[in-house]
Each structure stands twice: as structure tokens, then as C-alpha cells.
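The values are calculated or read from the model by the stated rules, or taken from the named source; none is laboratory data. Since we're looking at a predicted model, the values are computed, not measured. All Cβ positions, glycine included, derive from the backbone under ideal geometry; neighbour counts span all protein chains shown.
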Number of protein chains: 2
Amino acid sequence: MLTEHLSGFIGEDRRRRMDEVLGNRTRYLTAVLKDVYNSHNTSAVIRSCEALGIQDVHIIEKENRYRVNRQVTQGATRWLTLHRYRARERDPTETAIRYLKDAGYRLIGATPDADRVVDDDDLAVPTAVVFGTEIDGLSDQTREALDGTFRIPLYGFSQSLNLSVAAATVLRTLTGTMRARGRDWRLSSEESADLRFAWYRRTIRESDVMVRRFIANMEAGD
Amino acid sequence: MLTEHLSGFIGEDRRRRMDEVLGNRTRYLTAVLKDVYNSHNTSAVIRSCEALGIQDVHIIEKENRYRVNRQVTQGATRWLTLHRYRARERDPTETAIRYLKDAGYRLIGATPDADRVVDDDDLAVPTAVVFGTEIDGLSDQTREALDGTFRIPLYGFSQSLNLSVAAATVLRTLTGTMRARGRDWRLSSEESADLRFAWYRRTIRESDVMVRRFIANMEAGD
């Protein structure tokens, strides 16, 4: 009812566009960035996830604190659910891994020495794809927590891609297969409703004032 | 014979690695970057091409002059054939397009409004994939020269990807299909021999001195 009330403040085209994006959103796949040093890279991955329809991005910080680079994200953070595991927490990596496993995700990560590439099997259950630092790749702690590894097929002297390029390449392949195979990857109607409400609020200027006024009116029996 | 002579100065593992990379090299696909303003982006595309096995990259400059960002290319330029069309030429775009068409390439480019995605048909003949500026995409002049357009399937509010991410995504898909379908995409034995010679020369320190000495010795009947 509150969502309905807010919808009156958003143009029809915009609402329709939001519903279209919602219909293509997924939590079946999620991206996890661990200790990525370069905020530019993190921001580029965030933008790719938004464009590919991936709703959740998990950012595990170590010494470095991630700062959104708005020129690179192009506003993508506004629509996504960013899960941040701060360096000041006791063990942010452990916290993130436990959260994801409890939520039913299978964790996979790219390592150049893996003997397989991503395939259909990686989409049998909800999957979190973990990307490590630009320099060292995945730490031992992360590797041990993974349920599987894969390599990106490369044929040159370079045996790696830029991190944001690697992430987009893998996530593009996986989302493409996911959509083509028609698995149950869409948001539930409840998740959609929650997200729609969040997007409406972010879209409407001073929506908090409106929400508070609406609730106050309801409480006053208006 | 000269190549054979130089090979004596390169370790066996290194020579074998070069042959392996040569066997996966292609000129069937090539990337064309037009007026890309950000040298970081151009460098990232160069690195991706090298890693994916694409030998030729065409760089069309406008006002901006491309400078190699070695931290991003990770040495990839050393192994590639870069074709540069300088801003000081009369019409670098026209020159590049004519060169590619004369060489038998079909030109395709990404535009968000295209009604199809890349598919097998894009690999029926040697193909050059053209990427435009980060801001305006492809110019009218470039669009008119294209033999086909395609869009990258996106599902979010963002209707575009970072340029280096978009390029890698498309080139990864196309090279993957190309390799899987076994079309005649490999270098000819003559092209391989030329490239091997170039790589040997770049690998051996002071190879020019050695090459000159070898030729001088031959001429002296040594």
C-alpha cells in the first residue's frame, strides 16, 4: 500500500522500466570481491553486475577501504544490494563465507591452474563467484572455503585478464546460460516487492518525508 | 635459417611456449578501436586480445594520441601487431576501413539499438569488430562502413558496459565459438614463421646486433 502510494510520484514509463528490470533480476548468481585493491576495478565490476542483472555484490575489505568511483559505476550502486564486510570486523572473510553458505550458495572461484572452465554444472544450485586480488588471486583461506574452481580459457602469453574484465567475462557467460536454460533464477514476488519499494524510495526525492507523512496519516486514521 | 640461428639463444621451454601460443594465434578475428579517449581502456583491450589469442589490434586515433599504459597491458604489446592510424593522417578512419576491407574483413560493431546479438553468422568470414568511443559509441562515418551491427544483451538500468569490459565480453564469445567450431582460423605456416622470427628478435637482447653479425658472416661466406 505504501509502495502504491509512492508509485503515484513516479512516471509510468519509469515504473514500467523498473518492472522490466525487476523481471530480469537475479539472486541466483552473485559476485564476491575479496581484497580488491583498486576501487576502479570494484566499481567496474559493480557496473557490470547491474547491467547483467545481478542484484547482490559482496565486497570483502582488508586493509583497503572500498570507495565508490561514481564515474565508473555510472550510478549502478543505486539499484544494487551491496553487502560490505569491513576490515574493522574481526574476520570479514569468514563472516562473508558463512553468510553466503548459510544462504545456500555454492562458492566457486577462478584460478589459472584449475582443470575445467565454467559450465552448466556451476548453475545446478545458487552460485557465488569469488574474485580475489589483482596480484595474488585467491588467498589460501578463500580457496579452502570454495566448493569448486574453474579457469578462464586463455591462449596467449598473458595468463590472466584485468580483474574487472575477467569478472564480466565469467558473469556474462554464467548469466547467459542461466537465462537460456530457464532455471528458477528470478526473484520471488516478495523479493521483487521489497526491491521495488527500495527503488521507488531512492527514486523519489524526499521519499522519507513522504513515507513518514503517509504513516502518520494512516495512524491518525486519515 | 636466421630464425634457427636465433633459436639457439632462447631456452627450450620458452621456444615451446611460443610455439604453443603461435598454434592458438588468429587473424581471423581482429579488434578495431576508434577514437577511444582513455588510454587505460585501449591498454586493457590490448591485454585481453593478447590473452584471447587475437594477433592484430587496429587503433584509430583522432585528437587523442594513444599511449601504451604498461601497467595495464602487462607487456602484451610486445607480442601483438598493432596497426596505428594516426590523427595527423588525412582521414585515419577511412584509411583503416579501406585497409581492413581490402584484407577481406567483414566489419561489425556494437550498437545498443541493434536487433541481434553476435552469433555464428558473424564468423562466416574473417571479422573485424569495431569499438567506438566511450561516450558517443560509433560515429556515423563508422556506422556507414559497417557490414553489420549487434548488441550486447543487457538486463539492468545500465544499458552499456565499460568499453574494455564490453570488448572482452564480445571477443571472448566470438573466439570461443571460433575455436569450438574449428573453422580455418589459424595463422598460415608463413605467417607463423614471420611471427616466430619477430618474437625471437624481441625476446633476445641485442638481437639486432646478432642478426646483423649473422648476415655479415653469411655475406663474408663464413
- Message: under 16 Å from the mean Cα position of the chain (by Cα), in contact (Cβ under 8 Å) with a residue 40 or more places away in the chain and assigned by TED's automatic domain parsing to the domain that holds A:ILE46: is that true of A:LEU195 in this structure?
- Response: no
- Could you give me the residue pairs with C-beta distances under 6 Å whose first residue belongs to region A:76-103 and is crowded, with 19+ Cβ neighbours inside 10 Å, whose second residue is in a loop (DSSP other than H, G, I, E, B) wherever it lies, and which are 6+ apart or on separate chains? A:ALA76/B:SER158; A:TRP79/B:PHE157
- Message: What pairs come out if I take residues in region A:104-126 that are in the same structural domain as A:GLY176 (by TED's automatic domain parsing) and pair them with residues that are surrounded by fewer than 11 Cβ atoms within 10 Å (Cβ to Cβ) whose C-beta lies under 8 Å away, six or more apart or interchain?
- Response: A:ARG106/A:ALA124; A:ASP120/A:ARG181; A:LEU123/A:ARG181; A:VAL125/A:GLY104; A:PRO126/A:GLY104
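Per-residue answers, yes or no, for (1) hydroxyl-bearing (Ser, Thr, Tyr); (2) modelled with pLDDT of 85 or more; (3) within 27 Å of B:ASN24 (Cα to Cα):
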site: A:THR95; (1), (2), (3): yes, yes, no
site: A:ASP102; (1), (2), (3): no, yes, no
site: A:LEU107; (1), (2), (3): no, yes, no
site: A:ALA114; (1), (2), (3): no, yes, yes
site: A:THR127; (1), (2), (3): yes, yes, no
site: A:THR133; (1), (2), (3): yes, no, no
site: A:THR149; (1), (2), (3): yes, yes, yes
- Item | Subset of region A:176-188 [modelled with pLDDT of 95 or more and part of a helix (DSSP H, G or I)] | none
- Query: What about A:VAL130, is it under 25 Å from A:LEU195 (Cα atoms) and in contact with a Cys (Cβ under 6 Å, 6 or more places away or on another chain)?
  - Reply: no
- Query: Got at least one residue in region B:144-152 being more than 14 Å from chain A (Cβ to nearest Cβ), among the hydrophobic types (A, V, I, L, M, F, W, C) and loosely packed, with under 14 Cβ neighbours inside 10 Å?
  - Reply: no
- Item | Pairs, first more than 27 Å from A:THR133 (Cβ to Cβ) in region A:164-188, second of a type in the set (D, E, K, R) and outside any helix (DSSP H, G or I), C-beta under 6 Å, six or more apart | A:LEU187/A:ARG25
- Item | Qualifying residues in region A:154-173 (those that are part of a loop (DSSP other than H, G, I, E, B) and more than 19 Å from A:HIS40 (Cα to Cα)) - the one farthest from the other protein chains (Cβ to nearest Cβ) | A:GLN159
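More than 26 Å from A:GLU94 (Cα to Cα) and not assigned by TED's automatic domain parsing to the domain that holds A:LEU195, is that true of A:THR73?
Criteria met by A:THR73.
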- Message: Scan region B:203-215 and tell me whether some residue there is within 20 Å of the chain's Cα centre (by Cα) and either within 8 Å of chain A (Cβ to nearest Cβ) or within 23 Å of B:LEU82 (Cα to Cα) (or both).
- Response: yes
- Task: Please work out if B:SER39 is of a type in the set (S, T, N, Q), crowded, with 22+ Cβ neighbours inside 10 Å and on the phi < 0 side of the Ramachandran plot.
- Result: no
